[in-house]
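Below is one structure, written out as structure tokens, with a few remarks after it.
The values are calculated or read from the model by the stated rules, or taken from the named source; none is laboratory data. These numbers come from a predicted model, not from an experiment. Backbone-built Cβ (ideal geometry, glycine too); neighbour counts: all protein chains shown. In case anyone asks, the SASA skips ligands and DNA or RNA and just uses the protein heavy atoms, side chains included. Shrake-Rupley method; radii C 1.70, N 1.55, O 1.52, S 1.80 Å.
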Amino acid sequence: ADLEGQTTIIGNIIQCTNTNGGIGIEVGNLTAHQPNIIITNNTIFNTSNAISIVSSYSSGSLYPYSISVINNIIYDATTGINRSFASNNNYIYVLNNAFGDVTAETSGFGDHPIFDTISLSADPFVDSANGDFTLNSNAAGLQCINSGVPNDIDQDGTTDNFFDLGAIQSDSQGANFA
């Protein structure tokens with residue numbers, strides 16, 4: 001099938017692996033005829049490489065793919081977002097992700113900008129050791145609530161309806177849903 005111009009969303013995933021070489025989300029072997037990819041609102045915990053982008057696009061195409069990494073929480077990882085290929089990275093956008101207890105937030109991006117990173121000083125989850133990745137009401141959890149890229153832009157240019165970071169969202173009354 002010709003997937004040119006389509007978008008694939010990898011979102012609302014809770015990925016918990018181990019640090020013995022585990023990878024949370026891996027994107028690879030892409031060409032210009034692959035869909036655009038948005039990795040958004042995931043919670044990735046206890047991994048070696050939380051998000052790994054391992055291939056490049058074919059240059060010279062009219063429709064190069066793009067990868068956007070937005071609104072994710074990466075906690076307890078060796079590397080948060082790893083880009084491991086040598087070609088141009090103009091089509092990779094990293095925006096508004098939270099990192100805590102990671103050795104390196106990003107790797108392989110060189111001078112490519114990483115936008116609006118949130119550094120977490122503590123575990124933002126209610127009980128990550130037992131698999132409860134609901135955002136807690138402590139400082140780290142509160143940093144992630146209503147901090148995501150907005151999902152609504154009004155005609156006058158104002159934004160509202162901000163996402164929480166991570167896979168589990170809460171409504172205005174504080175109730176959580178996945």
query: Do you know which residues across the stretch 109-135 are more than 16 Å from the chain's Cα centre (by Cα) and in a loop (DSSP other than H, G, I, E, B)?
result: GLY110, ASP111, HIS112, SER121, ALA122, ASP123, GLY131
message: Just the residues that are open to solvent by 60 Å² or more (accessible area, probe 1.4 Å) and either touching a Leu at 6+ places or on another chain (Cβ under 6 Å) or within 16 Å of LEU165 (Cα to Cα) (or both), please, taken from the stretch 106-136.
response: PHE115, ASP116, SER119, SER121, VAL126
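Condition test on VAL102, is it at pLDDT 90 or above, open to solvent by less than 40 Å² (accessible area, probe 1.4 Å), farther than 15 Å from ILE70 by Cβ and of a type outside the set (S, T, N, Q)? Reasoning before the result, please.
Numbers: at pLDDT 90 or above: yes; open to solvent by less than 40 Å² (accessible area, probe 1.4 Å): yes; farther than 15 Å from ILE70 by Cβ: yes; of a type outside the set (S, T, N, Q): yes.
So VAL102 passes the test.
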- request: Pull up the stretch 61-99, narrow it to residues that are of a type in the set (Phe, Trp, Tyr) and open to solvent by 60 Å² or more (accessible area, probe 1.4 Å), then point me to the one that is modelled with the lowest pLDDT.
  value: TYR63
